[in-house]
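Asks: First, the structure itself, so that you have it in front of you.
The values are calculated or read from the model by the stated rules, or taken from the named source; none is laboratory data. These numbers were taken from a predicted model, which means no experiment stands behind them. When we count neighbours, we look across all protein chains shown, and the Cβ atoms used for this are built from the backbone with ideal geometry, even at glycine.
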Amino acid sequence: MTVQPLVRDSRSRAIQIAFFVLVLAGWWTMTGLHRISPLFLPGPVAVAQQIGRIAHAPTLALDIFYTMGTFVVAYTLAVVTGLVAGYVVSTRRFLTRVYEPLLASLYAIPIVVFFPTFILFFGTGPNSKIALGALYAFFPIALNTIAGFTQVDYRLIAAARSMGANDKQLLHRVLIPAAFPIVATGMRIAFIACFASILAGEMIASDHGLGHQIAQAGQMMEIGRMFGYVTLVVLAAFAFNFGVSALEARRRPA
Amino acid sequence: MAIGIGVNHLSHAFTHNGAPLQVLDDVSLTVSAGEMVCLLGPSGCGKSTLLNIIGGLLKADSGVARIGDAPVNGVMPQRVGFVFQENALFPWSTVWENLMVGLEFQGVPASERAARATRALKTVSMSDFAKFYPDQLSGGMKQRVGLARALALQTDVLLMDEPFAALDEQTRMILGEDLSVLLSETGKTIVMVTHSLSEAVFLSDRIFVMTARPGRIKAIVEVKREHPRRPDFMTSAQFNDVRAELYTLLHDEMRAAAAIAPA
């Protein structure tokens, strides 16, 4: 029963790797043949050299620490408040009816338009990005937590109750595992939104951080350096995604 | 060991699109200790509602249900076990964990759980699948596990809500045969909801035929045949006679139910 997935797994993995090789080859070819000006898009070799230079720059560690620190604080804030708010709203039908549509409509607002306001309130330091990132992450977590807990199959609840489950057992052994996949999806969407909005915030107004370096290099037409930082951000995102996928796979061998 | 069930003047209504919808109207019935009965009726006649009220999952508007001498006032995990349709297993847990968590809910001491789960799985011939997740099992296997989960609880009463509804006919027949053997050995008092005539005849001592909504007991049909019942019962004249009688009783109600089905 478990032989087929292994074969299928290695084949799909090969296609995924081929995709990235193809992108890299396309990039290398287009820039190598000078179909694209190196002023707009330097080749992969040039970018790799820039990464080497960035790696020796004294500011790199500070920039990474700055961006990641901001992210960790913003995301943690959003996870805690989003899970609590979402769960509380899900516990009463009345609260769900009132607050779910309200949260959904607030989520539709492009919060980035308030970023200048956040700068006025919190300054150009990390706090304005924390506000932006936390808000972007809060809504998908809260909304998916509501969806996860309100959509638990009533038959599972009835089965647990009929076997004598008390409230605490029902929560831990039925509601949380049943809601988990939807809540986890919300946290994943939130992660992406949080990371992106913090980088955008740094690009708009900041003195440090990876986003700040990308914007600054771009403005100074140091495109190679800019793509060096872009590559670092892309790799960081991939690394995270890989980590999350590994965690999810370990939780449920299917 | 087994205990009987009594239902006295039970009525219940749901709210449907803001208007009350009477689903049960003055239902009374008695099930003897160790008896196996079916509630048979057209869709929407309130047979599942009746079962949920007997099991304490739902509170009736008026009337009383009793398990033994005790009036039903909420679930009774020590005395009443449920078997639902196949999707009532916890999909995030293995077969083994599904049984173990049920025993934990019931309050069985941790030291006794493994032995009980092992025995229950063996009873339904699912010992080899303890480590499987529900979505790796066929519909029939899931139902065996659902049955094992309820058997492990060692309750005197078993309430089954259309346990075979999602299965194909051949799987139902096999499960029905196994169930007849198994249940005659346990001596439990069993109420099963179904809308399959053959299933009702094959398994029941008595069949309560219900009317279209609002559900009432229209007739009680007895099946005088010892348990366990063998497959040849299904081709006997007795089986066909009872089945024909049920069909006649039910036909008008099915028509009536089709006419009043809510949009």
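Asks: So, of the residues in segment A:161-183 that are facing chain B (nearest Cβ under 7 Å) and free of Cβ contacts under 8 Å to residues at least 12 places away in the same chain, which turns out to be surrounded by the most Cβ atoms within 10 Å (Cβ to Cβ)?
Replies: A:SER162
Asks: Please go through (1) within 18 Å of B:LEU158 (Cα to Cα); (2) within 11 Å of chain A (Cβ to nearest Cβ); (3) among the polar types (S, T, N, Q); (4) part of a loop (DSSP other than H, G, I, E, B) for B:SER93 and return the number of the only condition it doesn't satisfy.
Replies: For B:SER93, the failing item is (1).
Asks: Additional query: Only residues in segment A:35-48 that are in contact (Cβ under 8 Å) with a residue 24 or more places away in the chain count as the first member; pair them with residues that are surrounded by 17 or more Cβ atoms within 10 Å (Cβ to Cβ) and hydroxyl-bearing (Ser, Thr, Tyr), Cβ under 7 angstrom, at least 6 apart or cross-chain, and list the lot.
Replies: Listed by first residue and then by second, the contacts come to A:PRO38/A:THR31; A:LEU41/A:THR31; A:PRO42/A:THR31.
A quick yes/no check of all residues on (1) aliphatic (A, V, I, L, M); (2) surrounded by 12 or more Cβ atoms within 10 Å (Cβ to Cβ); (3) modelled with pLDDT of 85 or more:
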| site | (1), (2), (3) |
| --- | --- |
| A:ARG8 | no, no, no |
| A:ALA14 | yes, no, yes |
| A:ALA18 | yes, no, yes |
| A:LEU39 | yes, no, no |
| A:GLY43 | no, yes, yes |
| A:GLN50 | no, yes, yes |
| A:HIS56 | no, no, yes |
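Asks: Looking only at segment B:29-63, count every residue that is part of a strand (DSSP E or B) and either within 16 Å of B:VAL157 (Cβ to Cβ) or under 18 Å from the mean Cα position of the chain (by Cα) (or both) and tell me the total.
Replies: Residues of segment B:29-63 that are part of a strand (DSSP E or B), as a first pass: B:29-31, B:36-40, B:62-63.
Filter once more, so that each one left must be either within 16 Å of B:VAL157 (Cβ to Cβ) or under 18 Å from the mean Cα position of the chain (by Cα) (or both): B:29-31, B:36-40.
The number of residues fulfilling the criteria is 8.
Asks: Would you please name the residue that is modelled with the highest pLDDT, looking only at residues in segment B:79-89 that are closer than 21 Å to B:LEU175 by Cβ and part of a loop (DSSP other than H, G, I, E, B)? Lay out the reasoning, then the answer.
Replies: Pass one, segment B:79-89, residues closer than 21 Å to B:LEU175 by Cβ: B:81-89.
If we keep only those that are part of a loop (DSSP other than H, G, I, E, B) as well, we get B:84-85, B:89.
Values: B:PHE84: 89, B:GLN85: 80, B:LEU89: 94.
Top of the filtered list is B:LEU89.
Yes/no matrix, rows are residues, columns are (1) surrounded by 16 or more Cβ atoms within 10 Å (Cβ to Cβ); (2) assigned to a strand (DSSP E or B); (3) away from every other protein chain (no Cβ under 14 Å):
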{"residue": "B:ARG66", "(1), (2), (3)": "yes, yes, yes"}
{"residue": "B:ASN98", "(1), (2), (3)": "yes, no, no"}
{"residue": "B:GLY102", "(1), (2), (3)": "yes, no, no"}
{"residue": "B:ALA120", "(1), (2), (3)": "yes, no, no"}
{"residue": "B:ASP128", "(1), (2), (3)": "no, no, no"}
{"residue": "B:GLY140", "(1), (2), (3)": "yes, no, yes"}
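Asks: Of the conditions (1) over 24 Å from B:GLY102 (Cα atoms); (2) in contact with a strand residue (DSSP E or B) (Cβ under 8 Å, 6 or more places away or on another chain); (3) modelled with pLDDT of 85 or more, B:PHE202 satisfies every one except a single condition; which number is it?
Replies: So the condition that B:PHE202 fails would be (2).
Asks: Another question, then. Going by what's in this entry, would A:HIS212 be described as touching a residue at least 12 places away in the same chain (Cβ under 8 Å), more than 14 Å from chain B (Cβ to nearest Cβ), of a type outside the set (A, V, I, L, M, F, W, C) and not in a helix (DSSP H, G or I)? Reasoning before the result, please.
Replies: Details: touching a residue at least 12 places away in the same chain (Cβ under 8 Å): yes; more than 14 Å from chain B (Cβ to nearest Cβ): yes; of a type outside the set (A, V, I, L, M, F, W, C): yes; not in a helix (DSSP H, G or I): no.
It is false that A:HIS212 is touching a residue at least 12 places away in the same chain (Cβ under 8 Å), more than 14 Å from chain B (Cβ to nearest Cβ), of a type outside the set (A, V, I, L, M, F, W, C) and not in a helix (DSSP H, G or I).
Asks: Oh, and also: Could you tell me whether B:VAL95 is more than 19 Å from B:MET192 (Cα to Cα) and modelled with pLDDT of 90 or more?
Replies: Numbers: more than 19 Å from B:MET192 (Cα to Cα): yes; modelled with pLDDT of 90 or more: yes.
So B:VAL95 passes the test.
Asks: Go through segment A:132-159 and count every residue that is surrounded by fewer than 24 Cβ atoms within 10 Å (Cβ to Cβ), touching a helix residue (DSSP H, G or I) at 6+ places or on another chain (Cβ under 6 Å) and free of Cβ contacts under 8 Å to residues at least 24 places away in the same chain.
Replies: The total comes to 2.
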